[in-house]
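> Next up is a structure, given as structure tokens.
Only the coordinates and a few stated rules stand behind these numbers; no lab work does. Please read all numbers here as calculations on a predicted model, not as lab measurements. When we count neighbours, we look across all protein chains shown, and the Cβ atoms used for this are built from the backbone with ideal geometry, even at glycine.
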Amino acid sequence: MREETRREAVWQFLTYGFILLGAVVTLVPLYWIFVASTLKESEFLSSTDPTLIPGGNFFNNFQSLQARDNVQFVGHVGEMTQYVDLGPLYFAYDFWNLWDMGAIESSIFVAGVYTILSLLLCSMAGFAFAKYEFRFKQPIFYAILATLILPIQLLVIPLFLLMSQIGLTNSYWAIILPWLANPLGIFLMRQNMRSIPDALLESARMDGATEFQLYYKIALPTMKSSLAALSIILFLFQWNLFLFPLVILDQGKYTIPVAINQLVGAQRVYYDQIMVAATLSIIPIFVLFLFLQKQFVSGILAGSVKE
Amino acid sequence: MATHDSLSGPDPSIRDRLRFARQSVSERMPTPGEGIVGYMFLLPAFLLFGVFLAFPILYTFYLSFFRFEGVGDGTLLWIDTEFFSYQLTNIADLQFVGLQNYTSMFSDALFHQAMFNTTFILVVQVPLMVGLALLFAVALDASFVKLRGVFRTVLALPISANLVAYSTVFLLMMQDAGLVNYVLTSLGLPAIPWLTSSFWSRMTIVGAVTWRWTGYNMIILLAGLQNVPKQLYEAAEIDGANRIEKFRYVTIPQLRPVLLFVFVTSTIGTFKLFSEPVIINGGGAPLDSTITIVQYIYQTAFIDFRLGYASALTYVLIAIVSVLSAIQLNVGGEDSA
Amino acid sequence: MLHGAGIAGLAGLAGCVGTGDPEPTDTGGSNNGSNGSGSSTSQSQLAGSAEVWGWDVAAKAMDLIDEPYEEANGGDVSINQIGRADLKDKFKSTLLSGSGAPAASMMESVDAASWVDTGSLRDISGWLEESGIKGDFVEGKWGPLEKDGGTYALPWDIGPVGTFYRRDVLNEYDIDVESVETWDQYIEEGKKLPEDQYLLNLPSNDYDGLWRMMLRQIGGQPFTTNGAVNIASDKSLQVARILKRINDAGIANDLASWSSGWFTAFGNGTTASLTAGAWMEGTLKAELGDTSGNWGVFKPPAVESGGSRATNWGGSNLTIPAQVSEEKARRAWDYMEYTLGREESQLTMYREYGLFPALETTYESEAYDEPHEFLDGQPAGRLFAEIAPEIEPYRYTIDTPEVTNAINSHFRDMMAGDKTPKEAVDAAAQQVSNRTDRDLA
């Protein structure tokens, strides 16, 4: 027995060590980004003397970031110029004008809407591929998978053309709609949903559930952790999108990556402001992750299937 | 019971249980109206896909057989029926060249270089990253670990860092006098020319990409781990399996679909690598050793304005990656869809 | 069952769907021709509003002229400031997809040839002739902006090259720039500096910039008039040899240009001089403000004794996309004429932001005689104004990026000693020829 507890201890030690090492390596560059945002640019860039201690310049850098006239990073209170009284719509209009959206708000809004809508679509499609048989299932799946490979650079021009024909230029929908059917999401859902026991679905069918109820009441709840993972994937996908939003959006609606790229000016890069922006933009993701951590619980309920 | 040689394979009773678990995935009991229902669930996704992605995909394919001569007044598509007429004009002056775009690829040395670079990075990076992600996922799933949520969040954070910012930081860290070499030399190891040697600059890209994406893949694998029925582990323990055996005979097989997902998507993702080499290596330095295939396509399309050739390159890329993914899926044992 | 109906239905539509120009319907009716010369007599209205794109300092400069323009000519011109790389991506996308382009946009001369070649820019030669201002601009600017008799942009600024140097460093080591006439002499002077100080920087990522500048100085051309690759010419070889000599003399630093280390080296005097366009002064002022007063500038050394000391690095123009409506185009042209063709506008932009006008008629102005504090009171403007009219034209083409790549990679080999200058230029020329289907000159 002594042997076992000792082996156990060794495992625990190794595991903790491994995790801690990973955490340190992960954090160093992120920490550096944070430290950079608190330094003056010249201090940060002298690579001969890497400073790991934060300085006090954060607010200065933040102010120069906000002072830029070609990109607005964090929004500010807008001007309420017109009061339109359409009865119940009065409030809505005012509210919309209350806050001039900056890049952070735009990104959060777009990524949030996209994630929710795409979660629905991808889980349904994944469910179809995982649990149903239909003609052309294989080819359709491979076709969808193939679109994963398309580099966005080349899609930009035809997509832009399409959007201007439809009249969606400079609209958030232009960057939400094209990839709502996210092949990555569909693929993930399909792989994860395969582990839903068919017996579970069968017994539900025999109890008279409709197919949609199977999806809604059985598949989704058991896939909580996968859905959480999918949310992260979708949110981050939209969050980091750069080239197409650059081309199709105008300044007022820039998302974070586009806004940060504006800081790479004509000849030089405004490093201090970039680092501030980068630090600030990690915060929403951090919050999202923390929120989703609760969902990472085992989905398959033990004993729900009679063996 | 007692100790058994881990080389002799799993206990028969574990095998039975595993067979049961696998069966529940591949067994299909037909139900009425199943064919249509599948399509119904698929419909919204497919519709959106068709509306938005079909045109760009088809147009790119169409373009790959032409040479782009300039923006023109020509009509691309006209529809003229009784009810409705529509014209898509002003697209491009195109010169039909048949398969010439495709054949030019054979003599394009820079294309070959880009393919080589991308493949090299891929072969090193994907197994490394997937392996690490798996180990972290398993480590964080172990019940004895405190503060799991915190560690999971920390490890997954890199993907949230802005591309420009993190590439810049890596650029600075990898300088000859930067942080990484500083650490190496204080440990008594030689400083490495991270940015000036062909080999090491590719490794720098490998390092940056691995740093960025491991946590992300870990999250996905973690979610998959949650779907492994606990009974299987319990059964294995009863049969006397130790940690490594549990990992090998329960975890991996159960995780196979998700592992495959991570493998395939990482491969595809690395093929699409674009921004990091541009920022960290200034677009392919030194000596074009880190120019990636998508970078090359971008250059061909946006700088050289050779849209036809770029389209052809894209489709060749699609073909290669599709084949690779199909191989991976088959080798990984995807029995049926 | 569904299949049959579907196919029949499609067949019915067969006569109604197609690619390529349809005979019955009229095509290209409302779309603009890309030729402005014919319509200049139609006196169409000026659009009420127009959008102009520019980056960084240039956009800010345009902001200065915006109000005076609106007061003088009415209308509402809005300036959209977009980061340089992003502006190019965005603008090119709108050009290539045929929609979404602004009324006018900034365009660098180095990109001009390839952008003009896409056929997506408007020919303004008609309006240009009407206005009669063509001759007011530096001759050498028009080259890349013209094609097949049409003119596609209006010149804005140029980058007449000067060699900026640190007075304090050079004085300390007794280097007298007045006595320097040729590169070889400059190299000799450079040897007076100690081990860890360098006379100039040879960036391994940007050899092509220096090469191009010097080639232009001696009247070299990268392509012949019929488009053959000419970068292995004797002139190019001469330049390559000089660059090699600079490298071998040990007087050059090798930091990547525009990197933080590059700036720092100028700041602390490790690198003592920089040969660049006039606009570099503005950048140095912004980055290294605390070295103000320690700099000076002199005409870049000649390649050979008695040779020209005039060359150019950089410079932009304003261009109008072809897809834009007639009215907007007229408004854009009106704005361009006011901003770039009038001496006061150009001089204002020069005074505030250091954008050196391509408008030759401004060179008489006293604005150029003002002392530059950054340069210890030197009236640098006059120096550049002297250089500007001497600048030779230069033949950029759509394959200029290929030349850039080829020069950079083979010059790297040359600097490392793996190739002689002759081999380097020959290899570069061969590479460009292979990749572009052009002949060797």
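> With +1 on the Cβ of every Lys and Arg and -1 on the Cβ of every Asp and Glu, and nothing else charged, how large is the dipole of region B:104-336 about its Cα centre, in debye rounded to the nearest 20?
So the dipole magnitude of region B:104-336 works out to roughly 400 debye.
> So how far apart, in nm, are the two label points at C:ASP176 and C:GLU386 if each is 7 Å from Cα heading toward Cβ?
1.7
> Loop only by DSSP, 12 or fewer other Cβ within 10 Å of the Cβ. Give me the chymotrypsin sites (Phe, Trp or Tyr not before Pro) in region A:132-183 that pass, ordered by residue number.
Numbers: sites: A:TYR132, A:PHE134, A:PHE136, A:PHE141, A:TYR142, A:PHE160, A:TYR172, A:TRP173, A:TRP179; in loops: A:TYR132, A:PHE134, A:PHE136.
Here the chymotrypsin sites (Phe, Trp or Tyr not before Pro) that fit, given the DSSP loop and packing criteria, are A:PHE136.
> Follow-up question, since we're still on this one. State whether region C:70-130 is rounded, prolate or oblate according to the following rule on the C-alpha gyration tensor (a ≥ b ≥ c being the square roots of its eigenvalues): a/c under 1.5 gives rounded; otherwise a/b larger than b/c gives prolate, and the remaining case gives oblate.
Since a/c reaches 1.5 but b/c is at least a/b, the shape of region C:70-130 is classed as oblate.
> To continue, here is another question. If you add up the charges near C:TYR186, with Lys and Arg at +1 and Asp and Glu at -1, over every other residue whose beta carbon is less than 13 angstrom from its beta carbon, what do you get?
Details: positive: C:LYS191, C:LYS192, C:ARG245, C:LYS299, C:ARG309; negative: C:ASP176, C:GLU178, C:GLU181, C:ASP184, C:GLU188, C:GLU189, C:GLU304.
Around C:TYR186, the charge tally is -2.
> State to the nearest 20 debye the size of the charge dipole of region C:302-367 about its Cα centre, where the only charges are +1 on K and R beta carbons and -1 on D and E beta carbons.
On the way: 6 positive and 11 negative charges, 48 e Å.
Dipole magnitude for region C:302-367 comes out near 220 debye.
> From other protein chains only, count the Cβ atoms within 10 Å of every residue's Cβ in C:78-91, then give the mean.
Details: counts 0, 1, 3, 7, 9, 14, 5, 7, 10, 3, 2, 9, 9, 1.
Going residue by residue through C:78-91 and averaging, the value is 6.
> Return a whole-number percent for the relative contact order of region B:104-336, with Cα pairs under 8 Å and 6 or more residues apart as the contact set.
Details: 236 pairs, mean separation 66.1, N = 233.
Here the relative contact order equals 28 percent.
> Using the structure shown, list the pairs from C:LYS60/C:LYS328; A:LYS224/B:LYS230; A:LYS217/B:LYS230; A:LYS253/C:LYS328; A:LYS253/C:LYS141 with a Cα-Cα distance above 26 Å, or answer none. Write out the running numbers ahead of the final one.
Numbers: C:LYS60/C:LYS328 22 Å; A:LYS224/B:LYS230 16 Å; A:LYS217/B:LYS230 22 Å; A:LYS253/C:LYS328 24 Å; A:LYS253/C:LYS141 37 Å.
From C:LYS60/C:LYS328; A:LYS224/B:LYS230; A:LYS217/B:LYS230; A:LYS253/C:LYS328; A:LYS253/C:LYS141, over 26 Å: A:LYS253/C:LYS141.
> Taking the Cβ of A:SER171 as the centre, find all other residues whose Cβ is under 12 Å away and add up their charges (Lys, Arg: +1; Asp, Glu: -1).
Working: positive: A:LYS253; negative: A:ASP250.
Once all neighbours under 12 Å are counted, the net charge is 0.
> Apply 1/(1 + (r/R0)^6) to the Cβ-Cβ distance of C:GLU129 and B:VAL183, taking R0 = 51 Å, and write down the FRET efficiency to the nearest 0.05.
About 0.15, to the nearest 0.05.
> Only residues of region C:267-298 count here: report those whose backbone N is under 13 Å from the spot 7 Å along Cα→Cβ of C:GLU373, or say none.
Hits in region C:267-298 for C:GLU373 at 13 Å: C:285-286, C:289-294.
> Sticking with this structure for a sec: Determine the dipole magnitude for region C:80-195: charges of +1 sit on the beta-carbon of Lys and Arg, -1 on that of Asp and Glu, nothing else is charged, the reference point is the Cα centre, and the result goes in debye to the nearest 20.
Values: 12 positive and 23 negative charges, 155 e Å.
Dipole of region C:80-195, to the nearest 20 debye: 740 debye.
> Give me the number: length gained by fully extending C:ALA249 to C:LYS422, i.e. 0.36 nm times residue separation minus the C-alpha to C-alpha distance, one decimal in nm.
Working: separation 173, 0.36 × 173 = 62.28 nm, distance 1.87 nm.
Contour length minus the Cα-Cα distance gives 60.4 nm.
> Oh, and also: Using Cα-only point scatterers and the Debye equation, what is log10 of I(q)/I(0) for region B:104-336 at each q in 0.10, 0.16, 0.18 Å⁻¹, rounded to two decimals?
-0.57, -1.17, -1.32
> As a test of the formula, what do you get for chain C when each DSSP H run with n ≥ 4 contributes -39,500 (n - 2.57) and the sum is divided by the residue count, at 222 nm and rounded to the nearest 500 deg cm²/dmol? Write out the running numbers ahead of the final one.
Values: 16 runs with 184 residues, N = 441.
Calculated mean residue ellipticity at 222 nm is -13000 deg cm²/dmol.
> Moving to a separate point now. Could you work out how far apart the two model spin labels at A:ILE283 and A:LYS40 are, taking each label as a point 7 Å from the Cα in the direction of the beta carbon, and quote it in nm?
2.5
> Relative to the longest principal axis of chain C, what angle (0 to 90°, nearest 10) does the C-alpha long axis of helix C:326-341 take?
With rounding to tens, the tilt is 20 degrees.
> Starting with the fewest neighbours, write out C:LYS419, C:LYS328, B:LYS230, C:LYS90 ranked by other beta-carbon atoms found within 10 Å of each beta-carbon. Write down the numbers at each step before the final one.
Numbers: C:LYS419 20, C:LYS328 23, B:LYS230 12, C:LYS90 27.
Fewest-to-most Cβ neighbours within 10 Å comes out as B:LYS230, C:LYS419, C:LYS328, C:LYS90.
> Name the residue from C:ALA416, C:SER125, C:ALA112 whose Cα lies farthest towards the positive end of the charge dipole of chain C, charges +1 on Cβ of Lys and Arg and -1 on Cβ of Asp and Glu.
C:ALA416
> Continuing with this model, one more query. Using the beta-carbon distance between B:GLN95 and A:GLN138 and R0 = 45 Å, what value does 1/(1 + (r/R0)^6) give for FRET efficiency, to the nearest 0.05? Intermediate values should be presented prior to the final figure.
On the way: r = 38 Å, r/R0 = 0.84.
According to the calculation, E is roughly 0.75.
> Still on this structure, I have one more. Would you tell me the mean number of C-beta atoms belonging to other protein chains that fall within 10 Å of each C-beta in A:126-138, as a whole number? Present the calculation step by step, with values, prior to reporting the outcome.
Values: counts 3, 4, 9, 4, 3, 5, 11, 9, 10, 3, 1, 6, 2.
Mean partner shielding for this stretch: 5.
> Could you give me the radius of gyration and the Dmax of chain C, taking only the C-alpha atoms into account and expressing both in angstrom?
Gyration radius and largest Cα-Cα distance of chain C: 24.7, 95 Å.
> Please tell me the relative contact order of chain C in percent, rounded to the nearest whole number, where contacts are Cα pairs under 8 Å and at least six residues apart.
Values: 744 pairs, mean separation 114.7, N = 441.
Relative contact order here is 26 percent.
> Take peptide C:370-378, look around each residue's Cβ out to 10 angstrom, count Cβ atoms belonging to other protein chains, and average those counts. Don't jump to the answer; show the numbers that get you there.
Values: counts 0, 0, 0, 0, 0, 0, 0, 0, 0.
Mean shielding by partner chains, rounded to a whole number: 0.
> Let me ask something else about it. Say R0 is 25 Å: what FRET efficiency, to the nearest 0.05, do C:SER78 and A:ASP100 get from their beta-carbon distance? Write out the running numbers ahead of the final one.
Details: r = 18 Å, r/R0 = 0.70.
After rounding to 0.05, the efficiency reads 0.90.
> Then there's this: Mind ranking B:178-189, C:243-254 by how tightly packed they are, going by the mean number of other C-beta atoms within 10 angstrom, highest first?
Details: B:178-189: 13.8, C:243-254: 17.4.
Final packing ranking: C:243-254, B:178-189.
> Continuing with the same structure: For helix C:234-248, what angle does its Cα long axis make with the longest principal axis of chain C, in degrees from 0 to 90 and rounded to 10?
Value to nearest ten degrees: 50.
> Net charge within 13 Å of B:LEU134 by Cβ-Cβ distance, Lys/Arg positive one each and Asp/Glu negative one each, not counting B:LEU134 itself? Let's see the in-between values first.
Working: positive: B:ARG248, B:ARG256; negative: B:ASP141.
Result for the local shell: +1.
> Any idea how far apart B:ASP176 and A:GLU202 come out in nm if each label point goes 7 Å out from Cα toward Cβ?
In this crude spin-label approximation the distance works out to 7.0 nm.
> Using a Gaussian network model of chain C with C-alpha springs under 10 Å, which one of C:GLN221, C:GLN346, C:GLN45 is most mobile by mean-square fluctuation?
Sorting by GNM fluctuation, first place goes to C:GLN45.
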